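One structure below.
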Amino acid sequence: APSPTTAVPYMSVKCIDVRKNHHKTKWLMPWGPNHCDKLKDFDEAVSRQIEANDIVFAVHVPLPSKEMSPWFQFMLFIMQLDIAFKMDNDLKENAEITLDVSLAYRDDKFDDWKEIAHAIEIRKLKCTFSSPKTLDSEGRHYDCDFLPFMEIGSVAHKYYLINIRLPVNERKGINVGIGEIKDIRLVGIHQNGGFTKVWFAMKTFLTPSILIIMIWYWRRITLMTRAPVLLEKVIFALGISMTFINIPVEWFSIGFDWTWMLLFGDIRQGIFYAMLLSFWIIFCGEHMMDQNERNRLSGYWKQVGPIAVGSFCLFIFDMCERGVQLKNPFYSIWTTEVGTELAMAFIIVAGICLCLYFLFLCFMVFQVFRNISGKQSSLPAMSKARRLHYEGLIFRFKFLMLITLACAAMTVIFFIVSQVTEGHWKWGDITIQVNSAFFTGIYGMWNLYVFALMFLYAPSHKNYGEDQSNGDLGVNSGEELQLTTTITHVDGPTEVYKLARKEAQE
């Protein structure tokens, strides 16, 4: 697939707002048949006696002779200000810029512009000046951080127009002490149409395959005369969360202007993450073979509780950012000091917790392997057929545990990298290029993993139980106790589960 996103730079055009002279429209176009009265620079504005309040920075998206498409899925805009140093108009410490911003759309070049959103936003300027502030340095530009500008969760229209005003009010101290702004640049980031098509195709193909194996798996469990054990229920719940993330509702975003799709996608992914992390804890715990009473969800509250709390916190954080953007696309949690610190702390804490979780999981897997190795000591006493059968089970189980660890490691890396990638435009200095193979690879890995789990953990209809073992002269009753499950019902769970989930009853 092509790379997931494309960044397009836009240079704003300085328009003169002449509405006082009964101008027809309130929207100012940077080019085209109805383009605005333009200014080359602010020196021209001074000579023509045009005030700062009469200047509008206009940006048309996309560039001339191009169209936007619903396949782009979302639009994220970052702002960069070109600020020149002047002795008599220096940039203050902790300066704040007030932006009066409007966004409009149209689907035909001859239609009128229709407003999507209008807001007055404040952004903190973080700029450095490398040269000494003397007369010789006048005209040199400050090095300023990117500013988060706007995010829209759907690209339903062909043409967009952004008008930015910098209202000046000296009495109220609005836009005073922000230096000499020469230009406003925007960087527009959107998903590539080619990547979207590959992504949709994957979802459409994978949904029925997981759905079919899930139905087959649950049917095998319901055929049993016993009730499903905890592990089987959790695997089924994991299958449901995977199906939920797979269902390609994104197809509707091509025909409908659903701006909430980004938020919905985040919620789906969050539910799957929480389910996957909880499953791994229960999966290892159920194979511990210790004396604790297992097979009850309440036995795992200490491990699953923090995962639930963490997921809820991430949901609140997401609602504070993307939830508010449904009303006001210019809003960003990164614009305030408190918001930035909270967001950074959130991502760092989430990353640390995930790494600690992974180490804890490695420790549990190590314990399971140690216990399994202990069970292997009883294998030589068995008959050849039975021994080979159990050796195969142990090998498959160990293989599945290693795949689980690999899957967990990749998921942790994916979560941290995707957070950094999403945040680097807002932080300014960290850049990571993530290609499409990473996204599609991780997504495919989750599906294969869930598919394999349901396939391997479906209750077996074969019987290697009492009938066969009684004919084996090498099997004694002590060994039989070691290799049967604590569930004494005729229909035990899977063979792997029977072997591994045994409480030692020496």
Residues that are over 25 Å from the mean Cα position of the chain (by Cα) and either open to solvent by less than 50 Å² (accessible area, probe 1.4 Å) or free of Cβ contacts under 8 Å to residues at least 40 places away in the same chain (or both): does segment 195-203 have at least one? no
I'm told GLN325 meets every condition in (1) open to solvent by less than 50 Å² (accessible area, probe 1.4 Å); (2) farther than 30 Å from ILE164 by Cα; (3) not hydrophobic (A, V, I, L, M, F, W, C) except one. Can you identify the failing condition by its number? (2)
Mind checking whether some residue in segment 240-261 is more than 30 Å from LEU76 (Cα to Cα) and at pLDDT 90 or above? yes
So which of LEU238, LEU231, LEU263 ends up being farther than 20 Å from ALA201 by Cβ and more than 20 Å from the chain's Cα centre (by Cα)? LEU231
Please verify whether ILE352 is open to solvent by less than 20 Å² (accessible area, probe 1.4 Å) and assigned by the TED database to the domain that holds SER418, treating the condition exactly as stated. no
Among the helices (runs of 4 or more DSSP H) confined wholly to segment 220-300, which include 3 or more residues that are of a type in the set (A, V, I, L, M)? 230-246, 261-286
Residue check for THR225: surrounded by fewer than 14 Cβ atoms within 10 Å (Cβ to Cβ) and of a type in the set (Val, Ile, Thr): yes
Scan segment 238-261 and give yes if some residue there is buried (at least 16 other Cβ atoms within 10 Å of the Cβ), of a type in the set (Asp, Glu) and farther than 30 Å from MET150 by Cα, otherwise no. no
Which one of these does LEU125 not meet: (1) exposed (fewer than 15 other Cβ atoms within 10 Å of the Cβ); (2) free of Cβ contacts under 8 Å to residues at least 60 places away in the same chain; (3) among the aliphatic types (A, V, I, L, M)? (1)
In segment 37-77, the residues that are touching a residue at least 40 places away in the same chain (Cβ under 8 Å), farther than 25 Å from VAL176 by Cβ and either over 41 Å from the mean Cα position of the chain (by Cα) or not in a loop (DSSP other than H, G, I, E, B) (or both): HIS60, VAL61, PRO70, TRP71, PHE72, MET75, LEU76, PHE77
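The values are calculated or read from the model by the stated rules, or taken from the named source; none is laboratory data. Everything quoted here is computed from the prediction, not taken from an experiment. Here Cβ is always computed from backbone atoms with ideal geometry, including for glycine, and neighbour counts include all displayed protein chains. All accessible areas refer to the heavy atoms of the entire protein, side chains included, with ligands and DNA or RNA removed. Shrake-Rupley method; radii C 1.70, N 1.55, O 1.52, S 1.80 Å.
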